[in-house]
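The values are calculated or read from the model by the stated rules, or taken from the named source; none is laboratory data. A quick note: this is a predicted structure, and the numbers were derived from the prediction, not measured. Using ideal geometry, Cβ is built from the backbone for each residue, glycine included, and neighbour counts are taken over all protein chains shown. For the accessible areas, the whole protein counts, side chains as well, though only heavy atoms, and no ligand, DNA or RNA atoms are used. Shrake-Rupley method; radii C 1.70, N 1.55, O 1.52, S 1.80 Å.
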Amino acid sequence: MSIQAVEAGGERAINWRARNQVKTHGRRSVAVLLCAILTLLAVVYTVYFIRGYVVAQGWSGTPVAIVSTIAVIIPLFVVALAVRALSWSRQAARTADVHLGREFGANASDASWRALAYAASLLIVCVLAWFLVVNDAAVSRTFFDVGLIAKSAGAVLKAFGTNVFIFFVSGILILVWALVVAIARTLPGDAGRPIRTLAIIYGDLFRGLPAIITIYLIGFGLPLTGLPILKDLSSNAYAIIALTLTYGAYTSEVYRAGIESIHPSQIAAARSLGLSYFKTMRYVVVPQAVRGIVPALMNNCISLQKDTALVAIIGTIDAFNQSKIIASNYFNLSAVTTVALIFIVITIPQARFVDKLIERDRRKMRSGM
């Protein structure tokens, strides 16, 4: 055997031994444990300070004590997770079995990263808690006055009915109007070119205009025109028209994406069976397209629900305008926080529903259905 072959064999043996070394992640585990201990101290101090302030404000001692205990227990679990990571790291360093050592090292790495993530999250929560209580709890008193929130909830909820009405009416109109625009945008041949051009201009125009400007122009502009019927509409009607025009442009693009996702062979097959273009769209293309764009349509509905608050600019007494009236009377923005909480409570379930729809579509794609 030549000297070069021996040297190559020795180099391969060194590389093999290097690849079979066990990574214990000891330094990271120690650093994470220190971080977890510091997080525990930060949480304990934060809880101690906030508890004293809350009790001084007249809150009952028992509920405050329960919440404080729970808040302190949470970082203890993080410390326990960091200790477990350090334990696995030491076991990985002591074992002579390479495979077992790798398993311990992998467990130590996973546990240390999880402990670090939880510690970082708790520190962020502590920063937010201090933000609410600094300067004699100025932020809490301005935005989260529990008494004013409870007092204004009834009036705000009653006014929120206007937002719900505008949302439902405009939502139905948007779904119909956007489908018309999308079909006009996809008309084939030279005969459909003028309609396609108008649909493109409409989409570009109202997607380029901010919704608040469209609402302002329609809400204050149409009454000034003196046109019959249009000049005498209510502010709710103007808001519905403006939102329908704005979201109709966005939703039409969602429809168009769904229509164009249908394979041309299906359209050709339907036409070869004697169906007209519109019957092909009605019975073949649109039903399939709508099934594929339901998540996107739901996202537009969520945005529409939130943008109903913009109608306050034209004087509609919705939840936001009602909260502004209350805020101006009490010189406090907690009533506006009530509106924010209402929108959040309504929007989050819709968002989770969209996530489920998207996940269902992914499962169907993976299963080949």
Subject >> Where Phe278 falls short, out of the listed (1) hydrophobic (A, V, I, L, M, F, W, C); (2) over 22 Å from Met298 (Cβ atoms); (3) modelled with pLDDT of 90 or more >> reply: (3)
Original post:
Can you name the condition, by its number, that Asn332 falls short on among (1) in contact with a Leu (Cβ under 6 Å, 6 or more places away or on another chain); (2) part of a helix (DSSP H, G or I); (3) within 30 Å of Ala159 (Cβ to Cβ)?
Top reply: (2)
Original post:
If Leu128 satisfies every condition in (1) without any contact (Cβ under 8 Å) to a residue 12 or more places away in the chain; (2) more than 19 Å from Leu41 (Cβ to Cβ); (3) of a type outside the set (Val, Ile, Thr) but one, which is the exception?
Top reply: (2)
Original post:
Before we move on, is Thr46 in a helix (DSSP H, G or I), open to solvent by less than 70 Å² (accessible area, probe 1.4 Å), among the polar types (S, T, N, Q) and in contact with a Phe, Trp or Tyr (Cβ under 8 Å, 6 or more places away or on another chain)?
Top reply: yes
**OP:** Taking Leu123 as the residue in question, decide whether it is in a helix (DSSP H, G or I) and free of Cβ contacts under 8 Å to residues at least 24 places away in the same chain.
**Re:** no
Original post:
Just a yes or no: is a residue in segment 286-302 within 23 Å of the chain's Cα centre (by Cα), among the small types (Gly, Ala, Ser) and crowded, with 17+ Cβ neighbours inside 10 Å?
Top reply: yes
Subject >> Pair list, Cβ under 7 Å, 6 or more apart: segment 303-315 residue farther than 15 Å from Thr244 by Cβ, other residue open to solvent by less than 40 Å² (accessible area, probe 1.4 Å) and of a type in the set (Asp, Glu) >> reply: Ala309/Asp318; Ala312/Asp318
Original post:
Taking segment 201-216, which residues are closer than 22 Å to Phe168 by Cα and open to solvent by 60 Å² or more (accessible area, probe 1.4 Å)?
Top reply: Arg207, Pro210, Ile212, Ile213, Tyr216
Original post:
Of (1) over 17 Å from Asp307 (Cβ atoms); (2) open to solvent by 50 Å² or more (accessible area, probe 1.4 Å), Ile183 satisfies all except one. Which?
Top reply: (2)
**OP:** Might you check whether a residue that is outside any helix (DSSP H, G or I), surrounded by fewer than 19 Cβ atoms within 10 Å (Cβ to Cβ) and touching a residue at least 12 places away in the same chain (Cβ under 8 Å) occurs anywhere in segment 338-352?
**Re:** no
Original post:
Somewhere in segment 137-145, is a residue on the phi > 0 side of the Ramachandran plot and touching a residue at least 12 places away in the same chain (Cβ under 8 Å)?
Top reply: yes
Original post:
Out of segment 135-145, which residues are of a type outside the set (Asp, Glu), assigned to a helix (DSSP H, G or I) and open to solvent by 70 Å² or more (accessible area, probe 1.4 Å)?
Top reply: Asn135, Arg141, Phe143
Subject >> Matching entry among Arg90, Arg94, Arg84, Arg102 (being over 29 Å from the mean Cα position of the chain (by Cα), loosely packed, with under 14 Cβ neighbours inside 10 Å and either among the basic types (Lys, Arg) or within 12 Å of Ser29 (Cα to Cα) (or both)) >> reply: Arg94
Subject >> Matching option when the condition is farther than 27 Å from Ile183 by Cα and either surrounded by 15 or more Cβ atoms within 10 Å (Cβ to Cβ) or touching a Cys at 6+ places or on another chain (Cβ under 8 Å) (or both), among Phe320, Phe331 >> reply: Phe320
Original post:
Can you name every residue in segment 226-250 that is among the aliphatic types (A, V, I, L, M) and modelled with pLDDT under 90?
Top reply: Leu227, Ile229, Leu230, Leu233
Subject >> Failed condition for Ala108, given (1) open to solvent by less than 30 Å² (accessible area, probe 1.4 Å); (2) of a type outside the set (Ser, Thr, Tyr); (3) under 28 Å from Tyr45 (Cβ atoms); (4) at pLDDT 90 or above >> reply: (3)
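Among helices (runs of 4 or more DSSP H) lying entirely in segment 184-267, which contain 2 or more residues that are touching a strand residue (DSSP E or B) at 6+ places or on another chain (Cβ under 8 Å) and touching a residue at least 24 places away in the same chain (Cβ under 8 Å)?
none
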